[in-house]
Amino acid sequence: MLPRMTGPVYLTEQGRTDLEAELHDLIHNQRPAVIARIKAAKELGDLRENADYEIARNEQSFIEGKVLEIEEKLRNAEIIKPPRSKSEVALGLSVEVIEGRQKTPKVYQIVGSTEADPSGDPPKISDVSPLGKMLLGKRVDEKVEVLRPNGDKIIYTIVRIF
């Protein structure tokens, strides 16, 4: 059994839609497919040495765990309503920054940890990540200093909030 979540799960409207779509796919596509594979493997006879059966059962277990996890997140979801004022960085907003001495700005969207996807386009960073934490509440032209795991410090300058 999965541990119960404590506190809200912050999601954007898009994040909730994405989780609902993933849940739908798991329940209506992946679950029936793996059940059919289990049934076909059972029909082969001896289950003790049936690798297809074992693989399908493991996959079924993973799918059921994922279903429970997503249902729990959706039950505890608190939808982020970005503020009307874009005068300071807040959860749900995007921020354009210049990193150190680089000339090309980067854009990040500040989201809850459930939705974080640093490799996305634009990257979505968690409000509890080192950069996300430092950016929250800051305004255009302010600088934030973030310590990298290797000990280096990077200074980010806020160019735009939207």
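Distance between the C-alpha centres of the stretch 18-95 and the stretch 101-162: 29 Å, rounded to the whole angstrom.
Could you work out the per residue convex hull volume over the alpha carbons of the stretch 9-79, in cubic angstrom? Taking only Cα atoms, the stretch 9-79 has a hull volume of 68 Å³ per residue. Build a GNM of the chain with springs between Cα atoms under 10 Å apart, and of Gly65, Gly137, Gly45 the one that fluctuates most is Gly45. Placing +1 on the Cβ of every Lys and Arg and -1 on the Cβ of every Asp and Glu, with nothing else charged, gives the chain a dipole about its Cα centre of roughly 700 debye. Taking every DSSP beta bridge that has both ends in the chain, the antiparallel portion is near 70%.
Gain on full extension, evaluated as 0.36 nm per residue between Glu78 and Lys143 minus their Cα-Cα distance, stands at 20.4 nm. A helix-only calculation puts the chain at -11000 deg cm²/dmol for mean residue ellipticity at 222 nm, using -39500 (n - 2.57) for each DSSP H run of at least four residues, averaged over all residues. Per-residue Cβ neighbour counts within 10 Å put Thr12, Thr157 in the sequence Thr157, Thr12, beginning with the fewest. Which whole-number percentage describes the relative contact order of the chain, with Cα contacts under 8 Å and a sequence gap of 6 or more? Relative contact order here is 22 percent. Computed extension length for Glu43-Ala21: 4.7 nm, one decimal, from 0.36 nm per residue of separation with the Cα-Cα distance subtracted. Largest GNM mean-square fluctuation among Thr17, Thr104, Thr114, using the chain with Cα springs under 10 Å: Thr104. For the chain, the longest principal axis of the C-alpha atoms and the axis of helix 13-25 are separated by about 10°.
Angle, helix 31-42 long axis vs. longest principal axis of the chain, Cα atoms, 0 to 90°, nearest 10? It is inclined by approximately 30 degrees. In plain terms, the C-alpha convex hull of the stretch 94-161 casts an average shadow of 4.4 nm² when viewed from every direction.
Taking Cα atoms only, the orientation of helix 51-75 departs from the longest principal axis of the chain by about 40 degrees.
Any read-out appearing in this document is the output of simple, stated calculations on the displayed coordinates, not a laboratory observation. The structure displayed is predicted, hence computed values, not measured ones. No Cβ is skipped: glycine too gets one built from the backbone with ideal geometry, and neighbour counts run over all protein chains shown.
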